[in-house]
Amino acid sequence: MTQILRFHDLKARGIVRNWPQLRRMQLLYGFPTGFLLTPNVRGWVEAEVDQWIAARPREISVRLKGGAKVRHARKLAASGSMPGATEPPKAAPGITAAGEEPVEPAE
């Protein structure tokens with residue numbers, strides 16, 4: 001039997017927080033639009049939602065910049081997830097991670 005999810009079910013699963021976010025996900029990321037159960041009630045087929053979630057990328061798809069890039073590299077190096085990395089890359093001059101002293105440019 002097909003399971004129908006309502007908005008509060010999507011919210012309870014942690015997929016969306018509010019209606020504007022849901023609309024952005026539909027427009028930008030291909031989230032299923034669902035269907036109208038009544039003129040004011042929208043529903044989604046659970047299998048379609050699960051399929052959409054399974055198709056989402058598992059890796060970071062955005063190119064990180066500045067301090068975020070440095071923090072991410074340090075996190076990967078510390079966890080051992082970055083093969084061949086013994087030390088994370090150094091930050092560019094003037095870019096610091098939270099709680100660190102600024103790096104002075106080398107002359």
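Taken together, the values in this text are just the output of simple stated rules run on the coordinates, not laboratory data. The structure presented is a predicted model; accordingly, all values stated were derived computationally and were not measured. So basically every Cβ, Gly included, is an ideal-geometry build from the backbone, and we count neighbours across all protein chains shown.
Points worth noting:
- Here the label points at residue 13 and residue 50, each 7 Å from Cα along the C-beta direction, are separated by 0.9 nm in the simple model.
- Distant-in-sequence amide contacts of residue 5, defined by a placed amide H-H separation under 5 Å and a gap of 5 or more residues or a different chain, comprise 44, 45, 46.
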